[in-house]
Amino acid sequence: MGGVKFHLAFPSHDLELCRQFYIEGLGFTMGRHSQHAMIINCADNQLVAHRVDVLPSEQESIYPRHFGLIFDHLEDYQALIQRIKLHAMPFHIPPKLRFAGSRLEHHSFFLKDPSNNLLEFKHYRYPSAIFNESQDTRIGESFN
């Protein structure tokens, strides 16, 4: 499928904190917004933060729910890390190298937004690992 973008809606208990995190912190851009929701341009994909009255609870782990970006270029991934450090944003899980030496090798880190939504950012050494390499069943932190 070509010419397709994704859309993801998520809860936000405080849209101003959300704006600070995604726009000022991560450098995404603002689209339409109201007192009830805001549209965020995330690498030309649409994130929509919908205001909720209660802070969503934290997940016990990074699974099952998180979202994020996969960078094509390691330099762009590293530039985001530098931006996060510059804005003194805490890492939920600091940058690390996963599956080193394998076809699944990738850099990864996690952030948690002000409404407890988890975001993962990564860069694969081998682009084929994103959707191929199906003979390798390692997914996430659990290996089945």
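Listed values, structure above:
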| item | result |
| --- | --- |
| Gain in span if fully extended, residue 8 to residue 83, counting 0.36 nm per residue against the direct Cα distance | 24.7 nm |
| Label-point separation, residue 130 to residue 73 (7 Å along Cα→Cβ), nm | 1.5 nm |
| Mean shadow area of the range 1-53 over all directions, Cα convex hull, nm² | 3.7 nm² |
| Highest to lowest packing among 108-117, 47-56, 11-20, 82-91, scored as the average C-beta count within 10 Å | 108-117, 11-20, 47-56, 82-91 |
| Proximal lysines relative to residue 122, as straight alpha-carbon distance under 18 Å, when same-chain residues fewer than 8 apart are discounted | 85, 96, 112 |
| Helix 74-86 vs. the chain, principal-axis angle (Cα, 0 to 90°, nearest 10) | 40 degrees |
| Amide H contacts under 5 Å for residue 42, placed H, 5+ residues apart | 47 |
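The numbers here are math on the coordinates, done by the rules we state, and not lab data. What you are looking at is a predicted structure, and each value in this text was computed from that prediction instead of being measured. When we count neighbours, we look across all protein chains shown, and the Cβ atoms used for this are built from the backbone with ideal geometry, even at glycine.
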